[in-house]
Amino acid sequence: MPKTKKTRGAKKKQDMLTAKNTDRHALYQSAVQEPEADTRFMEEVFVANYDRRPILLREDFCGTGFLSATWVKEKSDRRAIGYDLDEPTVEWGMNHNVAPLTEDEQSRIQLKVADVLEAPLDPIDVVCAMNFSWWIFKKKEQLLNYFRSVRKSLTDEGVFVLDIYGGSEAYIEVEEEHDKELDGKDFLYVWDQDKVCGISDELLCHIHFKFKDGSAMKKAFTYDWRRYGMREAQDLLLDAGFGKVDVYWEGTDKDGDGNGEFTKETHAENTEAWIAYLVATP
């Protein structure tokens with residue numbers, strides 16, 4: 001009996017997520033990304049604007065290409081191309097997100113190690129910059145140049161989708177823990193807004209992961225950003241040549257937390273924390 005108990009305990013520990021046996025990209029995808037929600041939203045706003053389905057997606061700052069892979073899997077005529085400068089992350093995505101696709105699906109997706117500012121100006125239906133990745137441009141001139149390049153890449157019937165967060169907590173140093181799962185196994189996702197400058201609006205943020213065995217993956221990801229406000233971002237998009245910028249605000253549940261449902265709004269309460277989509281069209 002003692003041997004049986006010991007064996008069971010050892011197996012349980014082996015099956016547990018730890019900092020040594022888990023990949024940071026897999027944890028990130030499970031903790032942060034909801035590609036099905038993003039693709040559904042992008043198709044809905046595109047159809048609402050143009051009464052047809054989008055085909056070609058360009059995912060800027062694509063990372064592992066999780067969103068692009070989801071895009072091509074969902075519908076047989078969709079195509080996607082992703083750009084990111086981080087070669088190891090793109091390579092991980094090719095091995096874990098693209099390789100498992102069918103041969104047909106693989107023929108309709110490309111992930112490239114390249115600067116989004118140097119992306120070809122091919123006609124695109126949807127360009128997206130998710131997970132606040134566009135905050136990497138700390139100077140307005142840089143961000144404006146990026147927005148202009150996106151505008152030139154869109155077809156006459158195209159949309160540019162970005163996400164943005166704000167609220168009073170966006171202006172303070174804060175650390176938050178959230179329970180998450182990967183393949184049915186629990187871990188903690190930690191968002192660490194480590195440094196916030198009240199003058200430059202620059203942020204230094206980290207993602208940590210903690211595990212039940214007591215191990216941790218500190219600074220699994222680090223982001224050195226400049227925070228742009230909602231009105232500021234809208235004005236820059238218009239200055240870049242977009243004809244219209246709509247804000248889709250996340251609703252709340254009975255506890256006041258985000259419910260994942262986004263509706264087009266022109267006014268909203270500035271709560272402690274909010275997330276929204278910006279949708280820019282020619």
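Quick note: the coordinates plus some simple rules give every number you see, no bench work behind them. Note that the structure is a prediction, hence the values are computed from the model and not measured. In this analysis, Cβ positions are derived from the backbone assuming ideal geometry, glycine residues included, and neighbour counts consider all displayed protein chains.
Bridges between two residues of the chain, per DSSP, are antiparallel at a rate of about 70%. For residue 131, the residues 5 or more places off, or on other chains, whose built amide H falls under 5 Å of its own are 163.
Along segment 18-23 the Karplus relation, 6.51 cos²θ - 1.76 cosθ + 1.60 evaluated at θ = phi - 60°, assigns HN-Hα couplings of 9, 5, 8, 9, 10, 8 Hz to successive residues, with x for each Gly and Pro. Across the chain, Cα pairs under 8 Å and at least six residues apart give a relative contact order of 17 percent. Panel order for 139, 254, by other beta carbons found within 10 Å of each beta carbon, from fewest to most: 254, 139. Residue-wise HN-Hα couplings along segment 118-123, as the Karplus relation 6.51 cos²θ - 1.76 cosθ + 1.60 with θ = phi - 60° gives them from phi, are 10, 5, x, 8, 6, x Hz; Gly and Pro carry x. The distance linking segment 22-97 with segment 120-159 is 16 Å (Cα centroid to Cα centroid, whole angstrom). Projecting the Cα atoms of 200, 30, 238 onto the charge dipole of the chain (Cβ charges, centred on the Cα centre) puts 30 farthest toward the positive pole. Taking amide H positions as modeled 1.01 Å from N, with prolines and chain starts lacking one, the residues under 5 Å from residue 261 and 5 or more places away or on another chain are 251. What the Cα atoms of the chain give is an Rg and a Dmax of 20.1, 74 Å. Computed about the Cα centre, the dipole magnitude for segment 155-258 is approximately 320 debye when only Lys and Arg (+1) and Asp and Glu (-1) carry charge, each at its Cβ.
When 208, 178, 267 are arranged by Cβ crowding within 10 Å, least crowded first, meaning fewest neighbours, the order is 267, 178, 208. Using the Karplus relation 6.51 cos²θ - 1.76 cosθ + 1.60 with θ = phi - 60°, the per-residue 3J(HN,Hα) values for segment 211-217 come to 10, 5, 7, x, 7, 8, 10 Hz, with x marking Gly and Pro. Per residue of the chain, the DSSP helices (runs of n ≥ 4 H) give a summed -39500 (n - 2.57) that works out to -8500 deg cm²/dmol at 222 nm.
As a proxy for reagent exposure, 205, 128 were ordered by neighbouring Cβ count within 10 angstrom, fewest first; the result is 205, 128.
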